[in-house]
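Novice: My questions all concern the structure below.
The values are calculated or read from the model by the stated rules, or taken from the named source; none is laboratory data. Note that the coordinates shown come from a computational prediction; the quantities given were computed from them, not determined experimentally. Quick reminder, even Gly has a Cβ in these numbers, built from the backbone with ideal geometry, and neighbours come from all protein chains shown.
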Amino acid sequence: MPKIDLSQVPVRTGSSYPAKYSDRMAGRSGQGVGDAGGLTQFGANLVRLAPGALSSLRHWHEKQDEFLIVTEGALTLIDDTGETPLVPGDCCAFPANDGNGHHIVNRSDRDGVFLVVGTRTETETGWYSDIDMKVEVAGGKMRFTRKDGSDVG
């Protein structure tokens, strides 16, 4: 059946970031609703941010588009242009390779939720705007390095 029962979709917490950055993702959880529905061409995740939580480190993708819509709460988009308040129904689009580092933060006293949809590509490189780090994805594995390719320490 096409309807996805959210109560049956596992909630993921934690981070794939290197240990020195992973604690910054406390208060973020997600559900892979696209995977739960058997989608293979794009990812769709329902992301919940507790008060004070970040969606990710500020980043941008070389090959993958991202789109999000806020479904609950009051959130803030932070990107290269500054800060933009977001409420339910607000949408954001991040075209591949635009170089605009972005993330969502929850500065309110209640949970915020958004649905994010993104392209799936076999390989990808992502860049982190505020720190000396990039990620390369290939074969389903992530490799985090400094921007010059050396190990993140």
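Novice: Scan the range 91-126 for residues that are assigned to a strand (DSSP E or B) and of a type outside the set (S, T, N, Q) and report the count.
Specialist: Total satisfying the criteria: 17.
Novice: Looking at the range 59-113, which of the residues that are of a type in the set (Val, Ile, Thr) and more than 14 Å from the chain's Cα centre (by Cα) is nearest to GLN31 (Cα to Cα)?
Specialist: THR71
Novice: (1) at pLDDT 95 or above; (2) within 16 Å of the chain's Cα centre (by Cα); (3) not in a strand (DSSP E or B): which one isn't true of ILE4, the others all being true?
Specialist: (2)
Novice: Quick one: would you say GLY52 is closer than 18 Å to ARG110 by Cα and either touching a helix residue (DSSP H, G or I) at 6+ places or on another chain (Cβ under 8 Å) or in a loop (DSSP other than H, G, I, E, B) (or both)?
Specialist: yes
Novice: In addition: Going residue by residue through the range 33-42, is there one that turns out to be assigned to a helix (DSSP H, G or I) and surrounded by fewer than 16 Cβ atoms within 10 Å (Cβ to Cβ)?
Specialist: Looking only at the range 33-42, we keep the residues that are assigned to a helix (DSSP H, G or I), and these are 33-36.
Subset that is surrounded by fewer than 16 Cβ atoms within 10 Å (Cβ to Cβ): 35.
Taking every residue of the range 33-42 in turn, at least one turns out to be assigned to a helix (DSSP H, G or I) and surrounded by fewer than 16 Cβ atoms within 10 Å (Cβ to Cβ).
To keep it simple, each residue is scored yes or no on (1) touching an Asp or Glu at 6+ places or on another chain (Cβ under 7 Å); (2) buried (at least 16 other Cβ atoms within 10 Å of the Cβ); (3) of a type in the set (A, V, I, L, M, F, W, C).
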site: GLU66; (1), (2), (3): no, yes, no
site: ILE78; (1), (2), (3): no, yes, yes
site: GLY89; (1), (2), (3): no, no, no
site: GLY112; (1), (2), (3): yes, yes, no
site: LEU115; (1), (2), (3): no, yes, yes
site: TYR128; (1), (2), (3): no, yes, no
site: LYS134; (1), (2), (3): no, yes, no
